[in-house]
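Quick notes on the structure that follows.
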Amino acid sequence: NGKFFVNEDMLAGGDRVMNQVMYPIWIWQLYLASGDRKVIQRHHEPLLRGLAYLESRTNPEGIVNQVDHDDWQLSEGADWVDWSPERMEGSTCVYHTWYVRALACAARVFKAVGDDASFEMADQRRRRQQAVLDTHFWNGRSFYDNLNFDGRKVDHFWSDSQIWPVAFGYALPAQAAAIFSRIDADREYFEGVPLRWCPSISDEESNDLARR
């Protein structure tokens, strides 16, 4: 059904939710690194299935809820996102930010293989999901870390939730300025990490790489 599976013996069904959105990114990066068209041709149909599964878990407003309520994700690695309304400990903002990136990469794959209809589909969803960050996660000073989609929002000002939208180029200049203003007000909060040194890895720069 397009659900990305890692190990069927793992707890919580074996699915690791971040892999679902990282998969399209991996495929595009492999193609950029190798120039091997067989990579994107082989993964063309699996990418479509993977995106269809994500869309099946997305409400009309663009909010993704890949994990059912009360289904705690007990796995390691990048699964710091958590939809459980009892816990609200992870950053679904990170997941939604990487989903925008995934759709941008998937759109490039479809364009490269000549599937214009799928390119338009992925690009339309990318625009929708980028708007989700502004509509549902931006609180005027920073990005909310987590939503339970029933009204409750968590604002711990975690660095993961703030820096990925900035690094990917999804935060508007005014939003990035507001985030760094909060960081500058309490530099010890982020343990002195020199976040301003982080180079931009925006979609526009990925497009430049693809054209070379």
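Summary table below
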item: Sites residue 34 and residue 87 - FRET efficiency at Förster radius 41 Å, r taken between beta-carbons, to 0.05; result: 0.55
item: Solvent-accessible surface ranking, highest first, for 34, 142, 159 at 1.4 angstrom; result: 34, 159, 142
item: Sulfur and carbon atoms: percent of accessible area, the range 105-157 [1.4 Å]; result: 43 percent
item: Accessible area per residue, Å², the range 95-181 with all protein chains present, probe 1.4 Å; result: 39 Å²
item: Loop trypsin sites (Lys or Arg not before Pro), the range 87-137, which have at most 15 other Cβ atoms in a 10 Å radius of their Cβ (DSSP); result: 87
item: Size of charge dipole - the range 81-157 - debye, nearest 20, with Cβ of Lys, Arg +1 and Asp, Glu -1, no other charges; result: 220 debye
item: Exposure rank, largest accessible area first [168, 180; 1.4 Å]; result: 180, 168
item: Shape call, the range 126-193: gyration tensor on alpha carbons, a/c limit 1.5; result: oblate
item: Two-site label geometry, residue 188 and residue 150: point separation in nm, points 7 Å out along Cα→Cβ; result: 3.8 nm
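The values are calculated or read from the model by the stated rules, or taken from the named source; none is laboratory data. None of these values were measured; they are calculated from a predicted model. In this analysis, Cβ positions are derived from the backbone assuming ideal geometry, glycine residues included, and neighbour counts consider all displayed protein chains. SASA here: full protein model, heavy atoms, side chains in, ligands and nucleic acids out. Shrake-Rupley method; radii C 1.70, N 1.55, O 1.52, S 1.80 Å.
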